[in-house]
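The values are calculated or read from the model by the stated rules, or taken from the named source; none is laboratory data. If you're wondering where the values come from, they're calculated on a predicted model, not measured in any experiment. Cβ placement follows ideal geometry from the backbone for every residue including glycine, while neighbour counts extend to all protein chains displayed.
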Amino acid sequence: DPANAICVADSRPIWDWTDGAATYCTNINGQTPAHIMVLATDVNPNSSSYGQTSWQDGGVSDACPFSSYSTDQSGYYNKQTCPAGPGYGDAVYIQVGPGSFGSNVSIADANNQARQWAQEQANNTDGYCQTPMIGLEYNSVAPDWIRIELQSTTDNNGYYYFEIPSGYPNYASGSWSIPAGTYDVTFTPYNLYSWYYHDYVTCGDENYKWNMYEPWTFHNVLFNEDCHYVSVGTNYY
């Protein structure tokens with residue numbers, strides 16, 4: 001009887017997968033084979049989510065050729081290529097959505113690929129390095145004054161020079177303030193015709209030179225909070 005007929009609108013969402021919709025591959029509950037996820041749109045005007053989008057499981061698909069896919073690895077990655085070291089690179093947000101990398105080994109392998117890529121993007125980002133100032137410490141037992149020149153190998157304008165005072169008869173020591181970074185370090189005795197050799201030592205496993213009576217340069221010396229010193233010794237010949 002039409003008098004008793006009641007029409008009720010269906011309020012359930014109707015997800016429509018339009019051509020060209022965004023997709024990604026994923027492993028449902030970590031299982032293989034991978035499924036394709038499609039960004040679908042609710043086309044039911046009676047639904048409370050009408051016009052909104054949602055990721056819907058499209059099932060196993062040839063569009064997902066790998067057995068395993070990365071999960072969302074988006075996040076903040078520290079720039080690691082700053083002159084003063086990784087600790088002075090700001091955190092950069094890198095978007096690495098789910099399914100960005102595939103692997104036939106494991107999900108963990110795909111995630112490692114995603115994180116490696118994100119780290120490379122952070123490293124290549126300009127303007128995110130902090131340059132802390134450090135105290136470059138010196139000491140000397142040489143009887144004459146030594147000139148020391150620091151030419152930054154990461155900043156063409158980063159040039160500094162100082163004088164290490166005579167360490168005779170008293171031990172000479174002190175410090176100068178410089179930006180942390182990598183430098184070419186040149187030691188030059190003021191008296192090149194003296195009757196003694198100089199010993200030069202600075203940061204780095206191989207950065208020492210014995211019995212020198214002429215200028216000497218150590219290349220690409222990294223000065224940071226972990227290592228920040230130069231030393232001059234002497235002996236007669």
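Things worth noting here:
- Test result for A63, among the aliphatic types (A, V, I, L, M), in contact with a strand residue (DSSP E or B) (Cβ under 9 Å, 6 or more places away or on another chain) and touching a residue at least 40 places away in the same chain (Cβ under 8 Å): yes
- Residue within the range 207-223 that is part of a loop (DSSP other than H, G, I, E, B), free of Cβ contacts under 8 Å to residues at least 24 places away in the same chain and surrounded by 15 or more Cβ atoms within 10 Å (Cβ to Cβ) present: yes
- Per the conditions (1) more than 34 Å from the chain's Cα centre (by Cα); (2) under 30 Å from Y88 (Cα atoms), the sole criterion not satisfied by N139 is (1).
- Strands (runs of 3 or more DSSP E) contained entirely in the range 1-77, each with at least 2 residues that are surrounded by 11 or more Cβ atoms within 10 Å (Cβ to Cβ) and under 32 Å from the mean Cα position of the chain (by Cα): 23-26
- Residues considered: S152, S100, S106. Of these, the only one that is farther than 30 Å from Q73 by Cα and polar (S, T, N, Q) is S152.
- N123 fulfils the conditions (1) crowded, with 17+ Cβ neighbours inside 10 Å; (2) under 19 Å from F223 (Cβ atoms); (3) not β-branched (V, I, T) except for a single criterion, (2).
- Some residue of the range 146-159 being charged (D, E, K, R), surrounded by fewer than 16 Cβ atoms within 10 Å (Cβ to Cβ) and not assigned by TED's automatic domain parsing to the domain that holds W216: no
- Within the range 197-213, one or more residues are in contact with a Gly (Cβ under 6 Å, 6 or more places away or on another chain), more than 21 Å from Y88 (Cα to Cα) and of a type outside the set (A, V, I, L, M, F, W, C).
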